[in-house]
Amino acid sequence: MILKDKVIIITGGCGLIGREIVADIKKKGGLTINADINVQTDIQNGLFNLDITNDNSIQCLVDAVYEEYGRIDGLVNSAYPRTKDWGAFFENINPESWRKNVDMQMNSCFVVCQKVLKIMEQQKEGSIVNIASIYGVVGNDFSLYEEYGGTSPAAYCAIKGGIINFTRYLASYYGKNNIRVNCVSPGGIFDKQHPSFVEKYNAKVPMRRMGNPDDIAPAVSFMLSNEAKYITGQNLVVDGGWTAI
Ligand SMILES: NC(=O)c1ccc[n+]([C@@H]2O[C@H](COP(=O)([O-])OP(=O)(O)OC[C@H]3O[C@@H](n4cnc5c(N)ncnc54)[C@H](O)[C@@H]3O)[C@@H](O)[C@H]2O)c1
C-alpha cells in the first residue's frame, strides 16, 4: 500500500496505459482522479471530464480536486491528444499540424504542471510523473515500418524529448519545495500492431517482446510513492532493454 490515501490525478486515465496506471495506483491504496476527455465528471467517484488542450478546463479540474480532497499529492500526465493526420511521412507533414500537436501534447503538459504545482508548493510536498517515451531518448528505427508502409511521427520525438528535459527543469526548480518531478518512458506497447512490425520489434528488443501496460504502471506508482523520495529529475525507461543496446 505504498500510495495509501494519496490523492493522485491521472490525465488520459482511460487510455491504453492510463487505465492500467489508475488500476495500479488504486491497488496500492491511492485515491485516483481519472481526468480524461472520455468521461463524465463525477468527482466523488474519481472521474473528471478534462480537455487538456483547454486551460480553463485544467483550472476547473485542479479547483474541483482541491475542493473535494483538500490536497493533490500526485499527478500523472498520460493524456495523448493528436491530430487526424498524426503519423504522416516527414515530407508530408503540414506545419500547422506539427504546431497543433506540439501545442496539444507538450504545451498542455506545461499548463497542467504549472497549475498543480501551485497546490503542491503550498503543501510543500508532491510528485509528478510525465509519461514520455523511448523516442524522447533515441531516434527511430524506420526499418520496423518498412514492410507495411507505416512510419512514426516526427513531432513525437520533439515533444517527448522536450518533455524529458522540461521534467529536469521542474525537478531543479521545485526540489527545495520537496516536490519531485520525473518521467517514465515506455517502449512500444503491444496493441495489435501490424505483424511485421511486432516481429521486427521483438527481434530487436533484448527481452524479445513488446511491453504491456502492466509493465509500465508499477514504475509510475513507484515514482509517485515515498519509496522514490530522493529521486527527482530522472527518466525511468521501461523498455525491455531497447535503449540499452
Ligand atoms: N502506447 C505506446 O506504445 C506508448 C509507448 C511509449 C509512450 N507512450 C505514451 O504513453 C502515453 C499514453 O499513451 P496511450 O498509448 O495510453 O494512448 P491512448 O491514446 O490509448 O490514451 C490516451 C488518452 O488520452 C485521452 N485524451 C485524448 N485527448 C485528450 C484531451 N484533449 N484531454 C484529455 N484527455 C485526452 C484519450 O481519451 C485517451 O484515453 C502517451 O504520452 C504516449 O505517448 C505510449
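With a probe of 1.4 Å, find how much accessible area segment 118-163 has per residue, and write the answer as a whole number in Å².
In whole numbers, segment 118-163 has 40 Å² accessible per residue.
Please check: in the Gaussian network model of the chain (C-alpha springs, under 10 Å), which one of Tyr69, Tyr201, Tyr135 has the largest mean-square fluctuation.
Tyr69
Quick one: putting +1 on the C-beta of Lys and Arg, -1 on the C-beta of Asp and Glu, what dipole do you get for segment 1-75 around its Cα centre, in Debye to the nearest 20?
Value, rounded to 20: 420 debye.
Ignoring ligands, DNA and RNA, please state the percent of accessible area on the chain from carbon and sulfur, probe 1.4 Å.
51 percent
Straight distance only, please: which lysines reach the Cα of Lys6 with their own Cα at less than 19 Å, same-chain residues fewer than 8 apart left out?
By straight Cα distance, Lys6 reaches Lys26, Lys27, Lys28, Lys115, Lys118, Lys124, Lys229.
Mind checking which lysines have their C-alpha under 22 Å from Lys84, skipping anything on the same chain fewer than 8 residues away?
Lys100, Lys160, Lys192
Relative contact order for the chain: what is it in percent, counting Cα pairs under 8 Å that are at least 6 residues apart?
In percent, rounded to a whole number, it is 20.
What are the ³J(HN,Hα) couplings of segment 66-71, residue after residue, when phi is run through the Karplus curve with 6.51, -1.76, 1.60 and θ = phi - 60°? Round to Hz, x for glycine and proline.
5, 5, 6, 10, x, 6
In whole Hz, with x marking every Gly and Pro, tabulate ³J(HN,Hα) for segment 228-245 from phi via Karplus 6.51 cos²θ - 1.76 cosθ + 1.60, θ = phi - 60°.
So the Karplus estimates, Gly and Pro as x, are 10, 5, 10, 10, 8, x, 9, 10, 7, 8, 10, 9, x, x, 3, 8, 8, 10 Hz.
To the nearest 20 debye, what is the magnitude of the charge dipole of the chain about its Cα centre, counting +1 on the Cβ of each Lys and Arg and -1 on the Cβ of each Asp and Glu?
With only Lys, Arg, Asp and Glu charged at Cβ, the dipole is about 600 debye.
What number results when the radius of gyration of segment 7-238, computed over Cα atoms, is divided by 2.2 N^0.38 Å?
1.00
The values are calculated or read from the model by the stated rules, or taken from the named source; none is laboratory data. The structure displayed is predicted, hence computed values, not measured ones. Neighbour counts run over all protein chains shown; Cβ positions are idealised from the backbone, glycine included. The area values use the complete protein model at the heavy-atom level, side chains included, leaving out ligands, DNA and RNA. Shrake-Rupley method; radii C 1.70, N 1.55, O 1.52, S 1.80 Å.
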